[in-house]
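Taking it in order: structure first as structure tokens, then the write-up.
Bear in mind that the values in this text are calculations on the coordinates, not laboratory data. Not measured: the values here are computed from a predicted model. All Cβ positions, even for glycine, are placed from backbone atoms using ideal geometry, and neighbour counts span all protein chains on display.
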């Protein structure tokens, strides 16, 4: 019995030490971001993961987005607790957040993670703001958001913080 207790105690100490081990930093250089964006399809919206990591208790993903001026106006609600931080790299446009989706479509599996999305062609009653190079906006999980207009092609990063670990590691 004593050996079992000592074994369990050692396992608890080992797992406790492992839980306290710092997570290594992850670098993504400007050159890697630019190469990733240049490699994105230029004929449609592109929202693809550059890197997704487990940071100890939740996932953080850095996604590169290219949105051509000719892409249709859309809005969505990700049905998840994951928040999104947009960091504008190039271009400008009007982003709307909050309010409610106009005639939302049937929930569909997200291409970003293990949750569903509601889509629409716009938002009613949201807050509009013009974003341009260097601007940052934080969108909490479950908040409707979408571009009302863009002034040309737009590129930006999205940093997704996912406490539910539903963004797949890539």
Taking neighbour counts of Cβ atoms within 10 Å as a proxy for exposure, in what order, fewest first, do 86, 156 appear? 86, 156
In a Gaussian network model over the chain where Cα atoms closer than 10 Å are linked, find which of 27, 43, 54 has the largest mean-square fluctuation. 27
For the chain the mean separation of alpha carbon contacts under 8 Å (6+ apart) over residue count, i.e. relative contact order in percent, is 31 percent
Provide the convex hull volume over Cα atoms per residue for the stretch 26-162, in Å³. 100 Å³
Rg to Rh, two decimals, where the stretch 70-147 supplies the alpha carbon set and Rh follows Kirkwood: 0.95
Using r as the Cβ-Cβ distance of residue 35 and residue 137, and R0 as 35 Å, what FRET efficiency do you calculate, to the nearest 0.05? 0.90
What full-extension length gain, to one decimal in nm, is calculated for residue 151 and residue 58 as 0.36 nm per residue of separation minus the Cα-Cα distance? 29.9 nm
Rounded to the nearest 10 degrees, the helix 2-20 long axis (Cα) sits at an angle to the longest Cα principal axis of the chain of 30 degrees
Using 0.36 nm per residue of separation minus the Cα-Cα distance, give me the extension gain between residue 42 and residue 106 in nm, one decimal. 20.3 nm
Just want to confirm a number: the relative contact order over the stretch 91-153, from Cα pairs under 8 angstrom separated by 6+ residues, in percent. 53 percent
How many angstrom lie between the Cα centre of the stretch 144-159 and the Cα centre of the stretch 96-134? 11 Å
So if each residue of separation counts as 0.36 nm, and I subtract the Cα-Cα distance between residue 71 and residue 25, what length gain in nm does that give? 13.0 nm
